[in-house]
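Working notes, beginning with the structure itself.
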Amino acid sequence: MWNKLLCVVLLGLTGSVWAGPNDAVVNHVWVGESIPGQNSATLELNITTVLPAMLLSVSTEAADRVEIHSVFQSRGKMNARLVDSLSLPAHHTTAFGSHKLFLMLVGLKRELNIDDRIPVSLVIEYANHRKQTIDVEATVKKMALSYKHLGSEEIYDHR
């Protein structure tokens, strides 16, 4: 009993979502703030799996859709490819926002302001065909540098 309680408390402190010993763990979920008129944003998160699984979909009420993008190099150019689902290997952490994988919020329905919380749902299917929906919240973080607008002589950091 104490072991289960300790696990729940520790996972709560780290911001992870976890349901059972073989379920995926989703953590480090965040998205950068947006500027007026911006219609897409990158969602960053990590998914750690014990069993082989497949990420089937990601959704949020903050955007029309969430797309899974895989970036690859071809003939010296970087290209992005939209994928319908993504294989999640066993005993591995898949990091979105780096390692050539991105989740794009497309068709933002509102501005994303610092410290907003955005609900996100992920649907994962395990090798045994069991499906799981994982609900998390993405924190909107301040971007290191983004441009409010470009004028003839001025570049503004919109922080």
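Taking a virtual spin label 7 Å from the Cα of LYS142 along the C-beta vector, which residues in the stretch 114-131 bring their backbone nitrogen under 14 Å of it? Residues 114-116 fall inside that zone. Between TRP30 and ASP64, the contour length at 0.36 nm per residue exceeds the alpha carbon distance by 10.5 nm. You can think of it this way: the chain between ASN113 and ASP84 has 7.6 nm of extra reach, that is 0.36 nm per residue less the Cα-Cα gap.
In order along the stretch 83-95, the Karplus-derived 3J(HN,Hα) couplings, from 6.51 cos²θ - 1.76 cosθ + 1.60 at θ = phi - 60°, round to 10, 6, 8, 9, 6, 10, x, 5, 6, 8, 9, 9, 9 Hz, and Gly and Pro are given as x.
From least to most packed, judged by other beta carbons within 10 angstrom and beginning with the fewest, PHE102, PHE96, PHE72 follow the order PHE72, PHE102, PHE96.
Each 10 Å bin from zero holds the following percent of Cα-Cα pairs in the stretch 95-137: 20, 40, 33, 7. Counting only Cα atoms, the stretch 28-143 measures 43, 39, 21 Å along its principal axes, largest extent leading.
Every number here is computed from the coordinates shown, using simple stated rules; none is lab data. Only a predicted model underlies this, so the values are computations on that prediction, with no experimental measurement involved. All Cβ positions, even for glycine, are placed from backbone atoms using ideal geometry, and neighbour counts span all protein chains on display.
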